[in-house]
Amino acid sequence: MVIDKYELRAIILSGALLSVFFFAVLYNSYSRKIDMPTCIPFDKTFEKSQVKKIDDDLYEVYLVAGMWAFDPEEIEIPAGSTVDFYLTSKDVVHGFHINEKGVNMMAIPGTINKITTKFEDAGTYRFVCNEFCGVGHQNMMGKVIVK
Ligand code: CUA
């Protein structure tokens, strides 16, 4: 069997790209400590937003995305806190993106997505919706205030 040389190049290039993506995922999760978003079974009780203090440096945030705001829009935590974000949507698909922390999740109705991130430094971390969700999309944002 003879493989065309262009076909062979395409196969080698695909393999190389696949390796690059694979190592990029490993690098981000182990070196940069960026957690992989996980999908957990939908719980009917998760319809109200809340910020729960589990410990002095551990928080759980239940975020509800809806047209066109996040609930809660403002989250205040002390520096050095680790936050578990649980995210769902009450209407259409929204996004949840914290640029400085490499956090990027989708808010999907009937689904809860979870990601954990640590806020070492004080400051204001803006989060935005990055999935086009209608006429008010550009106003959909909030912030994590780390003190
Ligand atoms: Cu919600 Cu865009």
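The values are calculated or read from the model by the stated rules, or taken from the named source; none is laboratory data. Everything numeric here is computed off the predicted structure, so don't read it as measured data. Because the Cβ atoms are built from the backbone with ideal geometry, glycine has one as well, and the counts that use them run over all protein chains shown. When the accessible area is computed, the model is the full protein with side chains, heavy atoms only, and any ligands, DNA or RNA have been set aside. Shrake-Rupley method; radii C 1.70, N 1.55, O 1.52, S 1.80 Å.
Observations, loosely collected:
- Test result for ASP57, out of contact with any Asp or Glu (no Cβ under 7 Å at 6 or more places or on another chain) and away from the ligand (no atom under 12 Å from the Cβ): yes
- Residues within segment 52-97 that are hydroxyl-bearing (Ser, Thr, Tyr) and free of Cβ contacts under 8 Å to residues at least 40 places away in the same chain, tallied: 4
- Among the conditions (1) out of contact with any helix residue (DSSP H, G or I) (no Cβ under 7 Å at 6 or more places or on another chain); (2) surrounded by 12 or more Cβ atoms within 10 Å (Cβ to Cβ); (3) among the hydroxyl-bearing types (Ser, Thr, Tyr), the only one that THR117 does not satisfy is (1).
- Close pairs from segment 123-147: first free of Cβ contacts under 8 Å to residues at least 24 places away in the same chain, partner assigned to a strand (DSSP E or B), Cβ under 7 Å, at least 6 apart: GLY123/VAL146; THR124/LYS143; THR124/ILE145
- Qualifying residue in segment 112-119 (condition: outside any strand (DSSP E or B) and more than 10 Å from the ligand (Cβ to nearest atom)): no
- Against the conditions (1) assigned to a loop (DSSP other than H, G, I, E, B); (2) of a type in the set (Asp, Glu); (3) within 18 Å of LYS147 (Cα to Cα), ASP84 satisfies every one except (1).
- For ASP55: the one exception among (1) surrounded by 12 or more Cβ atoms within 10 Å (Cβ to Cβ); (2) over 15 Å from MET106 (Cα atoms): (1)
- Entry remark, segment 31-51: residues being without any contact (Cβ under 8 Å) to a residue 40 or more places away in the chain and open to solvent by less than 70 Å² (accessible area, probe 1.4 Å) number 2 in total.
- All conditions but one from (1) at pLDDT below 95; (2) open to solvent by 40 Å² or more (accessible area, probe 1.4 Å); (3) β-branched (Val, Ile, Thr); (4) away from the ligand (no atom under 16 Å from the Cβ) apply to THR124; the one that does not is (1).
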